[in-house]
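Note sheet for the following structure.
Just so it is clear, none of the values below were taken in a lab; they were calculated from the coordinates. These numbers were taken from a predicted model, which means no experiment stands behind them. Here the Cβ positions follow ideal geometry from the backbone for every residue, glycine too, while neighbour counts run over all protein chains shown.
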Amino acid sequence: MLTDDRLLYDALACAGALIGLAWLVVALARNAARRRPGLRIARPLATAAVTRLAAVTVVAAVPALRPLRGPDETGFIAAAHDFAADPGSLGALPRALVGNLHVAYMGVEQYLVGAHTDLVLRAGHIALALAAISILAIAVTDVAGPRAGAVSAWILAFEPTNVFFSGVLHKEAPMMLGEALVVLGAVRMYQRRDATAVAFMAAGLAIAALTRPYAAAALFVACAGVSMHAAVRRLGPARRRSPRLAGGLAVTLLLAVAAAPAPAAVLRTVQTSQNANSIDDANLALPPVDFTTLDSTAQNIDSRVAALLVQPFPWQAANLSQRAGVAGTAFAWMLMVAALVLALTRPRFTVVELAPLLYLVTMTVVVYALSTGNAGTGFRYRTHVLFLLAALVAALACTPRQSRRQAVRA
């Protein structure tokens, strides 16, 4: 039973976490305005913080909604407490951090603060999500101007799955931060081909690899595609290609292929996960698929892509927690339709100027489609697809029609 002193300390810890979030919003907004003059994201970031805290409060107050967080969260919290008490509880570091960055992050928070309430930990995850939104807005600004950057932040401030899963103590918030850094690096590589772009991509890939390694592998493939595309583009005043970048990338890819596990072993792991979900008779279960070979994977992945993008359907909701996700599904449909319509009205701009986003969206959809075993898990994974689609929609909606050269100069 908690003592009065313990309750007072926890209350002060919560107050400190809220003050820290407010300070972070101001710092991120000022940093964005300083780095990209004209980019004003203080209001969308503040709104994002409020909506996420409101979601955390509502779920905590309504017991029927708590299952929506999933069963893994309890285990992650326990692992974080163990890590705070003994960093060796995860195993030999740093190898043990692979796939457990979110646990180590929460463990450090718990070690520093030591509060019994999980609000402090949730505020820490919300902070990661706010940083990701800020970085993505900067990347969108580089592509389509400050107005588009602000619009992307506004979309993500209200996108329901992003709002909800930013406060869930899982892998989504750190993954979004990694993805945002990768987007920023990919855009810069496509436009400038410099070392800073490599640094941003490497930082994002490192965070992703320590959080969700298989998703990091897909992001690496997307980064390789963007980099090769950038190498063969004519950039700069001299309009030159970069054979050195293409050669260095080819060597990197050869080394990566040599170090990667055999495709058969990867597919066996994927199929094992699918088989485990196929025996589930829950209302959100998906039909079994065969991913045992490259041919069968190519033939069957379209069904999983469709499931990832459009399910769960509103009429599948069987309880209150699932019905609460209907708004997220509806918003996802609207965002995907908007992206498709805008891309069809501006095909050249989409293919030429937004190529980095297309590479990343494609690989993100593929990797999470392979990982989706049921519509409920796909609903959570879709958060990352919508995170990138928000950038795509904002760039398409806000960039005025102009020549490619004018767009690059802007």
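Side notes on the structure shown:
- Across all Cα pairs in region 164-272, the calculated P(r) in 5 Å bins from zero up to the longest distance comes to 2, 12, 19, 20, 17, 13, 9, 5, 2, 1, 0 percent per bin.
- Calculated Rg and Dmax of region 257-378 using C-alpha coordinates, Å: 16.7, 48
- The spacing between region 151-203 and region 18-40, judged by their C-alpha centroids, is 16 Å.
- Reference-scaled alpha-carbon Rg (2.2 N^0.38 Å with N residues) for region 1-63: 1.50
- Phi angles of region 64-78 translate, via the Karplus equation with coefficients 6.51, -1.76, 1.60 and θ = phi - 60°, into HN-Hα couplings of 5, 8, 4, x, 5, 6, x, x, 6, 4, 4, x, 5, 5, 4 Hz per residue; Gly and Pro are given as x.
- A crude spin-label estimate for the pair Ala318 and Arg268, with each label 7 Å from Cα along the Cβ direction, gives 3.3 nm.
- Stretchable slack from Leu255 to Ala202, in nm (0.36 nm times residue separation minus alpha-carbon distance): 17.5 nm
- Peptide ranges 93-105, 354-366 listed from the most packed, as the mean C-beta count within 10 angstrom indicates: 354-366, 93-105
- Extending 7 Å from Cα along the Cβ direction at Ala195 and again at Arg241 yields two label points whose distance is 2.6 nm.
- Backbone amide hydrogens, once placed in the peptide plane, bring Thr372 within less than 5 Å of nothing, excluding anything fewer than 5 places away on its chain.
- Packing rank of 209-217, 26-34, where each peptide gets the mean count of other beta carbons within 10 Å, highest leading: 209-217, 26-34
- Placing unit charges on the Cβ atoms of the charged side chains and taking the dipole of the chain about its Cα centre, the candidate lying farthest along the positive direction among Ile126, Ile138, Leu24 is Ile138.
- P(r) histogram, all alpha-carbon pairs of region 230-312 included - 5 Å bins from 0, percent: 3, 12, 13, 15, 11, 10, 11, 10, 8, 5, 2, 1, 0
- Given in Å, the Rg to one decimal and the Dmax to the nearest whole number for the Cα atoms of the chain are 21.4, 72.
- Spin-label pair Ala42-Ala285: with each label point 7 Å from Cα along the Cα-Cβ axis, the two points sit 5.4 nm from one another.
- Stretched out straight at 0.36 nm per residue, the stretch from Arg34 to Val62 would grow longer than its current Cα-Cα span by 6.0 nm.
- The chain: calculated mean residue ellipticity at 222 nm from DSSP helix runs of at least 4, using -39500 (n - 2.57): -25500 deg cm²/dmol
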